[in-house]
1. Could you identify the single residue in A:150, A:179 that is at pLDDT 95 or above, out of contact with any helix residue (DSSP H, G or I) (no Cβ under 6 Å at 6 or more places or on another chain), within 28 Å of residue A:208 (Cβ to Cβ) and within 11 Å of chain B (Cβ to nearest Cβ)?
2. Tell me, yes or no, whether region B:413-423 has at least one residue that is under 30 Å from residue A:119 (Cα atoms), modelled with pLDDT under 95 and within 14 Å of chain A (Cβ to nearest Cβ).
3. Enumerate the strands (runs of 3 or more DSSP E) found wholly within region B:75-155, keeping only those where 2 or more residues are within 22 Å of residue B:166 (Cα to Cα) and touching a helix residue (DSSP H, G or I) at 6+ places or on another chain (Cβ under 6 Å).
4. Just checking: which of the helices (runs of 4 or more DSSP H) contained wholly in region B:370-450 hold 3 or more residues that are in contact with a strand residue (DSSP E or B) (Cβ under 9 Å, 6 or more places away or on another chain)?
5. Could you figure out which of (1) closer than 19 Å to residue B:163 by Cα; (2) within 13 Å of another protein chain (Cβ to nearest Cβ) isn't true of residue B:393?
6. Among residues belonging to region B:160-204 that are surrounded by fewer than 20 Cβ atoms within 10 Å (Cβ to Cβ) and either in contact with a strand residue (DSSP E or B) (Cβ under 6 Å, 6 or more places away or on another chain) or more than 30 Å from residue A:260 (Cα to Cα) (or both), point out the one that is nearest to the other protein chains (Cβ to nearest Cβ).
7. For region A:253-274, what are the residues that are within 16 Å of residue A:240 (Cβ to Cβ) and more than 11 Å from chain B (Cβ to nearest Cβ)?
8. Yes or no: residue B:325 more than 26 Å from the chain's Cα centre (by Cα) and in a strand (DSSP E or B)?
């Protein structure tokens, strides 16, 4: 970057081609341009705001490949400043979205500060969800207690998406909530994490659930069973699959058959066997395919 | 909501099954309609469709109630040669976040379809056998997965997904619930693609080492101001799992595809057609490139952010071949078309144009060859929608099954990531991760917003 001042002046010019030429070269700029870019990104001129945002993104991409680089650390520091209250909301949002792609664990405390801010909490959780490592999971878990009820499902969803085994007990606790939205978010996160909890989970009473919530609850149970089977906890998985086999709905029977076939033991095969003669052709064909698959694998 | 009480495939099967089990079936008075007399197909043969997203493309899948029982040729825009007669089916439930579009679709269908603005209510309906999803790209993954969870077979428009993680989750959901999922890259179901596949796989070009796609550029966009959404659109639902952006009429409905968060430009929109045929012909439906690089230019100004021009070069290994997506690229000298691909073999080359609509074409010598060859080895789809409906009954995998669609979408997504990051990338197609690139790997996933999660 030969001339930092010219670069920033070009970003602000009325000529779209000059702005474009500048932001395409932003990868060569030092992180010290970020504060000024943050101000320009709030410009009322949409072309200038775009050029500033694109320059920030280009700068981030230029340091994104490898961790541990000095310029990368400086860019992250600059973005954390842009995420602060001194900047306009759209600029802060953009900063969080860029931090999501390059921030590391050491930035988690700074990023987490705004997790209870109604205007930014969605962006903060998105960002934490994207940062690998234990620190972001701890931050999400720690934020749960003080989160407003309407946002607790979002935090649980992030933990479920991260497959955060550390959060299993939190999910089990959430499943007992009298608030159905929170309880169902706990169920869904628990199913996605797929780890066996210290205490047996208590699922919400199906009679108290809507039709959609029932679908989500059974899906979560099946996801949990699939994960348990993958980990070798066959008995845990078999229990869920056997229950699904008893359901009248064909797709739950199919899911159980597919899961049982993956387990592939004699006991699993015995559970599938009656379904080879199912009146429902979809269930019957699924069982036949599972049977053939197990035979091919010589199980 | 209106809930009409016609006998459906599911209720008919359940009712007759229960009656037969109780020994009462033989003594029931069965209406002629239920046996398929009076010119009506029996309800057990009628597929009850739900339609999610019916404004643009999604409208093409509607089945007017007045057509039930008539011999209606399958539309060629869904693949096929137009000779096939549609299976009996009914559009019994319609859903769109735009109430004007919903009303228009209801009028088109006729009868008394159930109308929804929230697709989850449609999916709860046990009478719906299968769904057509024609919503914007950023909804494809979640709506497909939730449809599988609700026990529906799915025809979802292309491109399959917006992220690699979404695509893999769709594959998992289809497998978990043993659902039929067909993705709407209908070029594979068109006669010209089948003819070209026969020709190339028979070795008539020698070994194909390169496929070059061409396509015109994406639009630059303007600066239309943001505004409040019109009252007919539930914009919160329209954005759904994507990152929030204020409403802008030039970013919704047909224009969403020029935004990376919602669509992804020509490489995703038409790449999912042209590269679908390429992946099929090159037998690459279960793998991906080992490396790629991208060049080109984004919009210099305006509200869009997907590539205007771009050239992405993918290198495949074992077997080694190169795939190039170029907008605008170099058009074929053999056939005149706005987009398509040239297959470069050791002993010649071949053009296959387009890959969507009903106009996929190839060269005359290929048609001549297919007319006389023993072409039994390559599956010939009867038409994309027809293939889907056949598979609903047979439970076989359709021609554009979820794994294949995910692999094609992967090409589009990787191309955009390489373009965005402006550096070559190495890809592990088995583990579906980039090698030695921390930032690129984070772009393989995108957390859902609010209540919308994989």
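1. On the way: A:179 fails: within 11 Å of chain B (Cβ to nearest Cβ).
Result of the check over A:150, A:179: A:150.
2. no
3. Numbers: elements: B:89-95, B:114-116, B:130-133.
Where strands (runs of 3 or more DSSP E) fall fully within region B:75-155 and carry at least 2 residues being within 22 Å of residue B:166 (Cα to Cα) and touching a helix residue (DSSP H, G or I) at 6+ places or on another chain (Cβ under 6 Å), they are B:130-133.
4. Numbers: elements: B:384-394, B:402-421, B:438-442.
In region B:370-450, B:384-394, B:402-421 are the helices (runs of 4 or more DSSP H) which contain 3 or more residues that are in contact with a strand residue (DSSP E or B) (Cβ under 9 Å, 6 or more places away or on another chain).
5. Failed condition: (1).
6. B:201
7. The first filter runs over region A:253-274 and keeps only residues within 16 Å of residue A:240 (Cβ to Cβ), leaving A:253-263, A:265, A:267-268, A:271-272.
Scanning region A:253-274 gives A:260, A:263, A:265, A:267, A:268, A:271, A:272.
8. Values: more than 26 Å from the chain's Cα centre (by Cα): no; in a strand (DSSP E or B): yes.
No, not satisfied.
The values are calculated or read from the model by the stated rules, or taken from the named source; none is laboratory data. None of the values given here were measured: they were computed from a predicted structure. Cβ: placed from backbone, ideal geometry, glycine included. Neighbour counts: every protein chain shown.
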